[in-house]
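Peer 1: Please see the structure below; I have some questions.
None of the figures in this text is laboratory data; all of them are computed from the coordinates on show. Note that the structure is predicted; figures quoted are calculated from it, not measured. Glycine also receives a Cβ, built like all others from the backbone with ideal geometry; neighbour counts cover every protein chain displayed.
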């Protein structure tokens, strides 16, 4: 059975609000309160706190770290079992070169969905909203935002704004007052720091946890010692208020976990599978609509499958299929330059024309009146840039007569664009795309066919109006 993690992201643009203390100790409390629950911690910051707290041995530098994960390494290769039963991914001193892979907001969500990790994953982010932090926010089933003062509370609006911009439900976002000094008292309705912060948060529409984390000299001392180690609150500060506060936070997280039937990673993976299934259905539908013959020579494409070098599609998508490379080259040679196969310059011209046709998209747009027919022929790049244009007279075309030179062209146009009563479909045209003869169907895969659709729209909106 596929495993999907429940993801908790700890985030704040303000430094010094207790993000890492919250992330690391929450992991230990979760593991202590539910021993069989897998818990994994990962940090996008570069202070190596999680390594100091969880590493069983000092193994020095390693390539199996969060940088490797962000660059595509399987999670199973970088996750380590750490102290207190908590798994962790070693930190990296530099993650900026991974940002290019995370332009999409849901890249990390996909990575987590495909990681095979289970239980709870806790992500400790940098004190900014860079692309990795944004990905961690969007991937989270629960976002805990530590606030200790008004400046850190003010910064919260940027996180909420990100969710608004993406249209993501903000129910996952929760503020938690941290490093609250109980000695600070105020006159008036707001008696203390936590009450003031919570009141302002609620007034702004932010969800705020009922509990908070106190400022504690004892807890602060756990991070400062000659050995450079970091000690957990659970075992070294049991007599403090903070211990009870972490117990309450942990119970709240476990309640949320138990109430979650499908995690965000699971939902996203399900959506991806449905999307892939839709792509497959669309691809199969495009395959079913292909012409069985080359419309230029009339031969079955299965009789000569290795020469399917071009794909054509009409402007209304009513007709599509593959064309033999030799047939397209011969047609263009005679159409553009009026050459016959027995002309001494035919083969030399054909070679040049075939080379150019294999690097560009050919647009064939017939324009017919009662007594006169023209072909507007253009070659354009896949980005829509015009490279060549020529108007070609088509004598006898409107009467259905062949002229011995443009017979291949007439066959293609009539087969692809035929309408009622022997006339062409009004305003119709077709595009001919070069494809790889070894795998011509690749152009019909969604990632490639999107380019075809985009170019067709460009031709309709731009080129055909001039």
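Peer 1: So how tilted is helix 346-357 from the main axis of the chain? Cα-based, degrees 0 to 90, rounded to 10.
Peer 2: Between helix and principal axis, roughly 20 degrees.
Peer 1: Can you give me the angle between helix 150-166 and the longest principal axis of the chain, using Cα atoms only, in degrees from 0 to 90, rounded to the nearest 10?
Peer 2: Tilt relative to the chain: about 30 degrees.
Peer 1: Could you rank the peptides 141-149, 272-280 by their average count of other C-beta atoms within 10 Å per residue, with the highest value first?
Peer 2: Details: 141-149: 24.2, 272-280: 11.7.
Result, highest mean Cβ count within 10 Å first: 141-149, 272-280.
Peer 1: Quick check on packing: order 177-186, 21-30 by the mean number of other C-beta atoms within 10 Å, highest mean leading.
Peer 2: 21-30, 177-186
Peer 1: For residue 462, put the label point 7 Å out on the Cα→Cβ axis and report which residues of the stretch 427-445 keep their amide N under 15 Å from it.
Peer 2: No residue qualifies, since no backbone N sits under 15 Å from the label point.
Peer 1: Efficiency by 1/(1 + (r/R0)^6): what FRET value for residue 207 and residue 387, r their Cβ-Cβ distance, R0 = 60 Å, to the nearest 0.05?
Peer 2: Efficiency for this residue pair is about 0.55.
Peer 1: Run lengths n ≥ 4 of DSSP H only: what is the helix-derived mean residue ellipticity at 222 nm for the chain, with -39500 (n - 2.57) per run over all residues, to the nearest 500? Before the final figure, lay out the partial values.
Peer 2: On the way: 16 runs with 179 residues, N = 466.
Rounded to the nearest 500, the figure is -11500 deg cm²/dmol.
Peer 1: Right, something else. What's the angle, to the nearest 10 degrees (0 to 90), between helix 241-259's Cα axis and the longest principal axis of the chain?
Peer 2: The two axes meet at around 30 degrees.
Peer 1: For the stretch 6-273, what proportion of DSSP beta bridges, expressed in % and rounded to the nearest 5, is antiparallel?
Peer 2: The answer is about 10 percent antiparallel.
Peer 1: Here's another thing I want to ask about it. Tally the DSSP beta bridges in the chain and give the antiparallel ones as a percent, rounded to 5.
Peer 2: Details: 33 of 56 bridges.
Here the share of antiparallel DSSP bridges comes out near 60 percent.
Peer 1: Normalised by the number of residues in the chain, what is the relative contact order in percent for Cα pairs under 8 Å and 6+ residues apart? Could the numbers behind the result be given before it?
Peer 2: Numbers: 780 pairs, mean separation 62.6, N = 466.
Taking the mean separation of contacting Cα pairs over the length of the chain, I get 13 percent.
Peer 1: Among rounded, prolate and oblate, which fits the stretch 6-273 when a ≥ b ≥ c are the square roots of the eigenvalues of its C-alpha gyration tensor, a/c under 1.5 means rounded, and a/b larger than b/c means prolate?
Peer 2: It comes out oblate by the Cα gyration axes.
Peer 1: Can you compute the modelled spin-label distance between residue 299 and residue 401, with each label point 7 Å from Cα toward Cβ, in nm?
Peer 2: Each label point lies 7 Å from its Cα, and together they span 3.0 nm.
Peer 1: Could you list 48, 420 so that the one with the fewest beta carbons within 10 Å of its beta carbon is first and the one with the most is last? Show your work: numbers first, answer last.
Peer 2: Values: 48 15, 420 7.
Going from sparsest to densest Cβ surroundings: 420, 48.
Peer 1: Over the alpha-carbon set of the stretch 289-465, work out the extent along each principal axis and list the three values in angstrom, largest first.
Peer 2: That gives 43, 37, 31 Å along the principal axes, largest extent first.
Peer 1: What number, in percent, do you get for the relative contact order of the stretch 305-435 if the mean sequence gap of Cα pairs under 8 Å and at least 6 apart is divided by its residue count?
Peer 2: 31 percent
Peer 1: Can you give me the relative contact order of the stretch 293-376 as a percent, contacts being Cα pairs under 8 Å and 6 or more apart?
Peer 2: Relative CO of the stretch 293-376 lands at 18 percent.
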